[in-house]
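Below is one structure, written out as structure tokens, with a few remarks after it.
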Amino acid sequence: MKATRQPLIAALFALFTAAPVFAQADIIYTGTAQPSLESASITGAQRGATVTMEVNGINLGGASEVLFNKPGFAAKLLAFSERLRETPKPRGTAPVIVDKATLNRATFEIAVAPNVEPGIYRFRLKTAMGTTNSLPFVVTPFTETAERGISASLETVQEVSLPTTITGNIGRVGEADYFRFNARAGQQIVFEVVAASIGSQLNPVVTLFDSEGRQLAANEDFNGRADSLLGYTFKETGKYVVSVTDAEGGGMASGYEYRLNAGEFTYVTGAFPLGLQRGATSEVTLSGFNLGGAQKITAPATASWDEEWMIRGVGPKGESLNRLRLDAGRYPEIIESGGANTLASAQAVAWPVTINGRIFNENGGGTAEDYYRFRAKKGQRLILEVAAQRFGSPLDSVIEILDARGLPVPRATLRSELATELTLSDRNSTTPGLRLLNWNGLAPGDLLLVGNELLQIERMPYFPDDDTIMASFNGARYGLEDTTPETHAVGTPVYKVTIHPPGAKFSSNGLPVVTLYYRNDDAGPLYGPAGQKDSRLRFTAPADGDYIVRIRDVRGLSGERFAYRLAIHEPQPDFALAIEPENPNVPLGGSRDLRVRAFRRDGFDGEIEVRLLNLPAGFTSTTAKIPAGHNTGVVILSASPDAKGSFDLRVEGVATINGQRAPREIPAIHGFNIVSVAPPPEAMVFTKERQVAAAPGDDVFVNINIKRQEGFKGRVPFEVLGLPPGVTLRDLGLNGIMITEGETTTRFRIEVQPWVRACEQQIFVVGRIETTGRQLQRFPAAPITLSIKPKERMASGAR
């Protein structure tokens, strides 16, 4: 026994005392990174000044121009250097990407014209390999003061003269920078920290102290934005101190940059009303610091619903440092009566109308809310939408429709058919992936009720440790029937549901029957970055009669600045487009995929045909058809081997709205949103099939092969774009669709759910070279026509 136990004991001792062994990160040798900007030595300049700016990036060889998104800037190359990058070091078990890239530094002289307006601009570089991503560049009207590194305590505070723009960086964890200045009694001084809006990691807190170090005021987030703003009227003449630090106590040698605008300047924080009817002239009362009285403003005579209209406030100190966005509405406008804050005193309105109001309880106490009464006939379809946060209001609106008695109006009945729950981790209100405890009985296209949001399954998990993916747009999931996405904790019940008319009755199956009401908090990503936090409802009147819309802040907050515009109108179907990338680099003799997103409005659900305009010789492109009910399309842009130069990226979408041709062009910035040629591609992607057909309930394979060029030997992951709802990929492992090192072929399987209707549309197979650059290196194959046909119509050998 001793002879057998001793080796066992020794082995166990060695097991528990040996140094821990960690999995070694994979090293992935891959292709050439696109030209990318990583950082700049300065974040901006005073208007009228000439400054020197060093930019660091990769593969910037042949850098010839600095392209700004607005006129008023002139740049001259002073110096250029390059050196090989060090091989990236492993961090944990994440793969290490080793790409072909040279580390570059370019030095430019930037002259800012004296008439350039203060604000945040963007620039990119034009190189031999195409154009880079863009970085911010801030123009200030004030003399710049650099933080000298001695300002890290009240004892070593740096003296500054106002007005000025202080440029600094929180260089160590927990550090705060302090600056001493003079103020006069009655002087209103404004402190604005610009950080997150220029890409800094800093979550700034600005704090004001008196000469004895006593705190007078502070601000972390203004209006819910990440940057800080503080205005203070001084009671006594003397010396004071302002500090900047990170809200979480962070900091490092770079990446925590800030710009602190400090001085007695005009700054506008809000307006009432938040807009005017198109072409109208009226007085608008501005809120903020160092402002005068009301301003007379004229709205543009014509404006699209996604157009930007900006104004500057005016006060005794001149124009405001910042600009405020206002609305140019299309409907008659009224001002709330001021007494419409109860159901009994609901203000009667006739639509179409835009109501300008505030969530403000002048008498104090209680939750402030406003009520408006309108009439509608049975079957009448109306849109009720709030504009608030997109125009600088702090209001986080929620709207509800009530009947004449003040009861919520039912919208639909949801019947639960099976139950599961969320597992693994809590999920925020945007992520498309939800981890379900089990998914037996679920399929793409099914509707799920999670908390108060109604979602649709886009695809099922590919493997056991995978999420179920919900329908999303621009990276964020959206709720059906105007429900609002929410955060969810582990264990939240999840029900597969079907939608039925309000009041529908069912035999009990032991699962909940839920009534949906006409209520909305956030409109969601389908309405674009500006409108997704404001409320929006599509309403169909269930009977003739009076209805009431109630509007309030979802948090119960109120105040004079909590302004809103509530529009009630019949649907005005329309759409707007966005495209990415906005500066495609197209390889000579190759292609690049461009993704087009459609923001649909007021129920417009039709097909949109997208095309590129003004293509010069040497370039060709496909057209994209965004199918009815879909929100994305793909354009393939190709360059011949002898294509030259660059050109402005212009994109037009055409649809039929109310029987009329409706062209909509994506607003582009001349000389900034450009197409450039790049070196020949390192991989050419082909598919054996140019047409595939399958019946509902069946599946079909697509074969991919690549041609390696320019010495490229790395792996190529793929994605498939344009699959209709209910058409999904099958049998994907952890790496998805991929051609590994040394290989040139692979295939994937498309599965068509039994409920998918007959259709025909293009799908796109796009390969990617993995690099560390900020711009993606992508290579599409020619489009594939996917046909979904009933089995009885499938021709022999169609696959």
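The values are calculated or read from the model by the stated rules, or taken from the named source; none is laboratory data. These numbers come from a predicted model, not from an experiment. Neighbour counts are summed over all protein chains in view; Cβ atoms, including those assigned to glycine, are modelled from backbone coordinates with ideal geometry. Accessible surface areas use protein heavy atoms only, side chains included; no ligands, DNA or RNA. Shrake-Rupley method; radii C 1.70, N 1.55, O 1.52, S 1.80 Å.
Heavy atoms of the protein chains alone define the surface here; on that basis segment 358-423 has 41 Å² accessible area per residue at 1.4 Å probe size. Given R0 = 25 Å, the distance between the Cβ atoms of Ala350 and Glu307 translates into a calculated FRET efficiency of 0.40. Extension gain for Asp546 to Thr656 (0.36 nm times residue separation, less C-alpha to C-alpha distance): 36.2 nm.
Atom-type composition of the exposed protein surface of segment 138-220 places 45 percent of the accessible area on carbon and sulfur (1.4 angstrom probe).
For Phe701 and Glu580, the FRET efficiency from 1/(1 + (r/R0)^6), where r spans their Cβ atoms and R0 equals 41 Å, is about 0.85. The calculated FRET efficiency for the pair Leu154 and Asn361, based on their C-beta separation and a Förster distance of 60 Å, comes to about 0.90. Electrostatic bookkeeping for Glu117 treats Lys and Arg as +1 and Asp and Glu as -1; over the other residues with beta carbon under 11 Å from its beta carbon, the sum is +3. How charged is the neighbourhood of Val610? Take every other residue with its Cβ under 9 Å from the Cβ of Val610, and add Lys/Arg as +1 and Asp/Glu as -1. Net of charged neighbours comes to 0. Remark: the Cα gyration tensor places segment 415-484 in the rounded category, a/c being less than 1.5. In the complete set of protein chains, residue-level accessible area for Trp755 is approximately 120 Å², probe 1.4 angstrom.
The separation of segment 472-530 from segment 310-346, counted between C-alpha centres, amounts to 33 Å. Just so you know, the Cα atoms of segment 192-339 work out to an Rg and Dmax of 18.6, 55 Å. Along its first, second and third principal axes, ordered by size, segment 732-778 spans 41, 23, 19 Å in Cα coordinates. Derived from the Cα gyration tensor, the three semi-axes of the equivalent ellipsoid of segment 657-782 are 28, 27, 12 Å, largest first. Averaging the sequence gap over all C-alpha pairs within less than 8 Å and six or more residues apart, then dividing by the number of residues, gives segment 346-491 a relative contact order of 18 percent. Accessible surface for segment 547-674, divided over its residues, is 40 Å² per residue with a 1.4 Å probe. The largest accessible area among Asp465, Asp210 belongs to the first residue in Asp465, Asp210, and the rest follow in falling order (1.4 Å probe, all chains). Percent of C-alpha pairs per 10 Å bin in the chain, short distances first: 2, 11, 18, 23, 22, 15, 7, 2, 1, 0, 0. When the helices of the chain are scored as -39500 (n - 2.57) per DSSP H run of n ≥ 4 and the total is divided over every residue, the value at 222 nm lands at -500 deg cm²/dmol. Element breakdown for segment 637-763 at a 1.4 angstrom probe: carbon and sulfur atoms account for 47% of the accessible area.
Local charge for Gly250 was computed over the other residues whose Cβ lies under 13 Å away, with Lys and Arg +1 and Asp and Glu -1, and equals -3. Expressed as a whole percent, the accessible area of segment 258-344 that falls on carbon and sulfur atoms is 48 (1.4 Å probe).
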